[in-house]
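Comments concern the structure below.
The values are calculated or read from the model by the stated rules, or taken from the named source; none is laboratory data. Fair warning: this is a prediction, and the values are worked out from it, not measured in the lab. Here Cβ is always computed from backbone atoms with ideal geometry, including for glycine, and neighbour counts include all displayed protein chains.
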Amino acid sequence: MKSHALMNTRQLTSKNVTSCRLIASVVALLVCPLSFASDAPLRWQNHQIFEQNKQPPHASFFGYSSQEKALTDEYRDSENFFDLNGRWQFHYANNPSSAPKDFAQVEANLADWQSIQVPGNWETQGFGHAIYLDERYPFSTTWPDAPEDHNPTGSYRREINLPQSWQDKQVFLHIGAARSALTAFVNGQEVGYSQGAKTPAEFDITPYLNQEQNLLALQIIRWSDASYLESQDMLRVSGIERDVYLYATEKQRISDIDAQYQMSANLDKAEVALKLKLENHAKAKDVSLSYRLLSPQGVEVSRGEQKIAKLAKQDTRQFDFPLNSPMLWSAETPNLYQLIVSLNDNQGELLQASSQHLGFRRVEINNGQLLVNNKAITIRGVDRHETDPDTGHVVSRASMETDIRLMKQNNINAVRSSHYPNDPYWLSLTDKYGLYVIDEANIESHPLAIDKNTQLGNEMSWLPAHQARVERMVERDKNHPSIIIWSLGNEAGEGKLFAALYDWIKQRDPSRPVQYEPAGQHAYTDIVAPMYPSIERIEKYAKEHQDRPLIMIEYAHAMGNSVGNLQDYWDVIEQYPQLQGGFIWDWVDQSLAFTNENGQRYWAYGKDYHPDMPTDGNFLNNGLVDPDRNPHPHLSEVKKVYQPLKLTELTRNQQDVTFTLSNRYDFIDTLGLNLIWTLQQDGRPVAEGLVAMPQVKADTSQVLNFTLPESAIKTMQQSPQYEYQLLLEVKVDTPQPMLPSDHLIAFEQFALQSAKPVTAKTIDAIKETRDSWILGKNNAQYLFNKDTGWLTDIRVEGESQLKSPLIANFWRAPTDNDLGNQMPKWAGMWQDAGQELELVSITRSKGQHAALKVTHQHPKLGFTLTSSYRVSDQAKLLVSSDFTPGDGELADLPRFGFSARLPFEVRFMHYFGRGPEETYTDRKTGNPVAWYALPIEQTFHRYSRPQETGQRTDVRYVAVTNNKGAGLLAQTTMNSEMLQTSLWPFAQADIDFRDGDAEGSASGLVPVTANHGAEIPIRDFVTWNIDYKQMGVGGDTSWGRPVHAPYRIAPKAMSFSFSLEPISANTDIKKQARGLQ
């Protein structure tokens, strides 16, 4: 086995070694070590040694032995492919020095070895612990040193027999992704070394192979000097994360395909410069090289051939040809051409055929805007990590297909490969189905970048390692049309090192912009790409004409119950041409799935992974979908805000309806879509129809009209007690890839007619007993405790309806955003304020305005709650509650409402309001007002950490019932304001947060808790909240920024009124609410 510690001059200067490169702009600054003394550091502790004997980077393609297979382009079906995925022998050691020394030898001692799945992270298979940290390294050494005492090391072995047909071929080992320092061996001999965990490591293993049985061995060290550049905000795990296989080629082969082109200014012609690299691993030989270009319809549109006499060891050939009137690629029109390149010998026998899918488009920055095909595009984006709840960083093709389907169906048109180059299969999907991609280099040294004294941006000894990562990304992904922007990395400092990387990409690929967030507005970023800017900041930028667009690289931090005020951002974005959207952080929660002793599967975080390591807790769960790809409630808001069609300015004149349809697509018209109208009576459809969908071109608007049937107008006139809305929906008519027929693209809802108010007639039905005040008659009575003043029970035909009193509530269980802005501290006074209220007085008034007036006051905070209770002749309890602040200073209220516990069997919620998902005052546009009936299992959401959930807003009335329809009905009695409500099968205490429930996080961002949403208990009661207001959820950040002012509840005088009444089985809830039953 070759030494890990030494590298001699010959190794370093070998043409197979790509670790020392000269970059034109920094030649004088880059120094390559030429020799090492015997006490030289180990190579995994030397940041200037990061790869040995690796193949140069190249585009992602495969060499087939037939044209037919090249056309199909499924490399797993090729006879030149040898799958190495599956079970390998495996040894796990605590550190490199304790790893077996003879592991790569055939006669190695395997007594204490086990097996492991490849690809696979160690930690998901029982070897070591996953760690979650954001702004810290999981070790205490300083660069370039890496831990030696505790640094898990995995050794792999697998014996194989190669196909007989491979005996005279060149054979390469492909390891798609390995973390962090990899050494490869064949038959006991070292064949190469690699760092860089998210691009392939390939080695020519031909010289090391036996004719029959062969032993492949790998060793991976968890932490190395490379780890300083791979400190992304994600779960820290180790191992092999993408496919491993062998592939065989003939001795003469195509080693790279570079399909460059230049689009004409008017997009009517592409001048293609197709560069093909060739290698010859045998004697010089005459060959012919050819290409064919097929249109999206499979028609050949160009071909060419070159004869090559005596092919040398390496050669590069170029085909120049025009493509007239190309069908353009964009995220909306993902037209793909197929390029087939072939290498034949002088007898015409095929040596290799390979395929690339190409898209022709023009990307540029012009007049301060990002243009694709001469149009300023809108980025409706998300950031995406590669993560799976069971396999960690190993993501299946099926999972990738699920991701892109969900993104397309939720109006997302762009994705950032945060924070590393993604699996090539993902890029084939974004090419095929149409998503704009920011391809980001696998570079993040966040813990160093926090401090200017430690950041690496001007540490030029690190340039070669950074350069290798950027180069391998660009060379692998250069032919993907979906990639419209290169990114130099994430949170890795700023300075001349990154300026050099920018210069290298711009000379290598001038066809794409380059961005880098830490560059700010310096010259080495073509796009101003801030993280989490405020609305005020982006508007200030846009008000002055700039030479670059602003596209938020991260915004709307979607941690837990979040994504408030997203529409407010887009109200500003849509006003200014140079604000072109952003990428929501992020797409998917990163938790692994664990199972507790009760068999409950839950999302693990924090100390779940490593009981002794510092952690950043739940901060890895910021997704629009959970780890299983089930949407969180806030995804509906994203879909609505991102919808590419706007329906506005609706007016009605009797039957005639007029409105404006604005097409916010950048390239496609509205053909293939349906426009459906629905007239809703208290949220239920009473009439519907189709509007003829005209061909509205991209970025234009058109006034449309239709006629409501006369019967619909009569319904509105004859039943004025109800509220009427008109719902307009745009749906898919002609099925599209990923978008089935009838899929909803966009909607808007308009109020047509308010409900005629129902006046309740109060009666004097109040009596006093020794312990209680009782309102109502025998069939429905409301009991108030004389000592507390609270409604303690509702009795219907003598049966109790409450399990606990209806008392005031000013608190909500803190969301992740609340914990981040320290809401328990600044608003903690409200947590128990309802229970702490002291009864001041109960007074009774008689006669026509008979009422029970109950006054409570808080003994410390000084505010007063005065509640008036009356009863109607329809057995309805009318509640009016006035909040009056005292003289002391009060914090904003998290909520203002009432809460009670009901019997366990009351498990259904029926309501007229926004839904079906939970909504909040700053996150409700994605859920239309309608009539909803939900079992209690659907009335709340289990976030990874227990927190506030299940609120419904703009509620006109709500009934909670048993399975026979009997229960209670609450209804707003305010003239212009609605109520809010939620129903849980647990107590607020089960999801609440109190002092002592958390410890500090490693990065100081959010408290670290230990509870899990999946473990919220199901109680023998239900909790019903009837609220006037609850503050918004926020979402600008999850580590400090508060809920925006319009969505907070100031501690000023306010009044809340609603009614409460029993409903019997089989009652028509809508009629009873409107006083018709």
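For the stretch 385-392, the count of residues that are within 20 Å of the chain's Cα centre (by Cα), in a helix (DSSP H, G or I) and surrounded by fewer than 18 Cβ atoms within 10 Å (Cβ to Cβ) is zero. Contact map, the stretch 154-168: residues that are not assigned by TED's automatic domain parsing to the domain that holds residue 241 paired with residues that are surrounded by 13 or more Cβ atoms within 10 Å (Cβ to Cβ), Cβ distance under 9 Å, separation 6+ or inter-chain. No pairs are found. Taking the criterion of being assigned to a strand (DSSP E or B), buried (at least 23 other Cβ atoms within 10 Å of the Cβ) and in contact with a Pro (Cβ under 9 Å, 6 or more places away or on another chain), the only residue of the stretch 856-896 that qualifies is 893.
The strands (runs of 3 or more DSSP E) found entirely in the stretch 897-1015 that carry 3 or more residues being surrounded by fewer than 20 Cβ atoms within 10 Å (Cβ to Cβ) and not hydroxyl-bearing (Ser, Thr, Tyr) are 929-935.
Report yes if residue 780 is out of contact with any Lys or Arg (no Cβ under 7 Å at 6 or more places or on another chain), modelled with pLDDT under 95 and of a type in the set (A, V, I, L, M), otherwise no.
yes
Note on the stretch 617-670: residues that are touching a His at 6+ places or on another chain (Cβ under 8 Å), of a type in the set (A, V, I, L, M, F, W, C) and in a loop (DSSP other than H, G, I, E, B) amount to 1. Evaluating residue 554 against the criteria (1) acidic (Asp, Glu); (2) touching a Gly at 6+ places or on another chain (Cβ under 8 Å); (3) over 20 Å from residue 1038 (Cα atoms) leaves one unmet condition, (3).
Scanning the stretch 1033-1050 for residues that are in contact with an Asp or Glu (Cβ under 7 Å, 6 or more places away or on another chain) and surrounded by fewer than 21 Cβ atoms within 10 Å (Cβ to Cβ) yields a count of 4.
Residue pairs whose Cβ atoms lie under 9 Å apart, sitting 6 or more positions apart in sequence or on different chains, and linking a residue in the stretch 819-846 that is part of a strand (DSSP E or B) and crowded, with 16+ Cβ neighbours inside 10 Å to a partner that is at pLDDT 95 or above and not basic (Lys, Arg), are 842/773; 842/784; 842/789; 842/852; 842/854; 842/855.
Mind listing whichever residues of the stretch 511-530 are farther than 30 Å from residue 272 by Cα, in contact with a Ser or Thr (Cβ under 9 Å, 6 or more places away or on another chain) and among the aliphatic types (A, V, I, L, M)? Listed by number, the residues that qualify are 519, 529.
I need the full set of residues from the stretch 525-545 which are assigned to a loop (DSSP other than H, G, I, E, B) and either in contact with a Lys or Arg (Cβ under 9 Å, 6 or more places away or on another chain) or surrounded by fewer than 17 Cβ atoms within 10 Å (Cβ to Cβ) (or both), in order please. Answer for the stretch 525-545, where residues must be assigned to a loop (DSSP other than H, G, I, E, B) and either in contact with a Lys or Arg (Cβ under 9 Å, 6 or more places away or on another chain) or surrounded by fewer than 17 Cβ atoms within 10 Å (Cβ to Cβ) (or both): 525, 526, 527, 530, 532, 534, 544, 545. Set side by side, the residues 756, 731 differ, and just one is in a strand (DSSP E or B) and more than 19 Å from residue 653 (Cβ to Cβ), which is 731. Considering 592, 645, the condition of being within 23 Å of the chain's Cα centre (by Cα) and closer than 22 Å to residue 706 by Cα is satisfied by 645 alone. Taking the conditions (1) among the β-branched types (Val, Ile, Thr); (2) surrounded by 17 or more Cβ atoms within 10 Å (Cβ to Cβ); (3) farther than 23 Å from residue 922 by Cα; (4) in contact with a Phe, Trp or Tyr (Cβ under 8 Å, 6 or more places away or on another chain) in turn, residue 703 satisfies each one other than (2). On the given criteria, is residue 270 of a type in the set (A, V, I, L, M, F, W, C), modelled with pLDDT under 95 and either over 29 Å from residue 432 (Cβ atoms) or touching a Pro at 6+ places or on another chain (Cβ under 7 Å) (or both)? When the stated conditions are applied, residue 270 does not pass them.
Looking at the stretch 179-193, can you tell me whether even one residue there is in contact with a Lys or Arg (Cβ under 6 Å, 6 or more places away or on another chain), charged (D, E, K, R) and either in a strand (DSSP E or B) or without any contact (Cβ under 8 Å) to a residue 60 or more places away in the chain (or both)? Scanning the stretch 179-193, I find at least one residue that is in contact with a Lys or Arg (Cβ under 6 Å, 6 or more places away or on another chain), charged (D, E, K, R) and either in a strand (DSSP E or B) or without any contact (Cβ under 8 Å) to a residue 60 or more places away in the chain (or both), so the answer is yes. Of all the criteria given as (1) at pLDDT below 95; (2) under 37 Å from the mean Cα position of the chain (by Cα), the one not satisfied by residue 183 is (1).
Taking (1) in a loop (DSSP other than H, G, I, E, B); (2) touching a helix residue (DSSP H, G or I) at 6+ places or on another chain (Cβ under 6 Å) in turn, residue 564 satisfies each apart from (2). Scan the stretch 875-888 and give yes if some residue there is farther than 21 Å from residue 1023 by Cα, without any contact (Cβ under 8 Å) to a residue 60 or more places away in the chain and in contact with a strand residue (DSSP E or B) (Cβ under 9 Å, 6 or more places away or on another chain), otherwise no. Checked against the condition, which is being farther than 21 Å from residue 1023 by Cα, without any contact (Cβ under 8 Å) to a residue 60 or more places away in the chain and in contact with a strand residue (DSSP E or B) (Cβ under 9 Å, 6 or more places away or on another chain), the stretch 875-888 yields at least one hit. Contact annotation: residue pairs with Cβ atoms under 6 Å, 6 or more positions apart or on different chains, pairing a residue in the stretch 724-744 that is surrounded by fewer than 17 Cβ atoms within 10 Å (Cβ to Cβ) with a partner that is of a type in the set (Val, Ile, Thr) and in a strand (DSSP E or B), are 741/732; 743/732. Condition test on residue 453, is it of a type outside the set (Gly, Ala, Ser) and at pLDDT below 95? Yes: the conditions hold for residue 453.
Screening residue 631 against (1) surrounded by fewer than 22 Cβ atoms within 10 Å (Cβ to Cβ); (2) modelled with pLDDT of 95 or more; (3) more than 30 Å from residue 396 (Cβ to Cβ) leaves a single unmet condition, (3).
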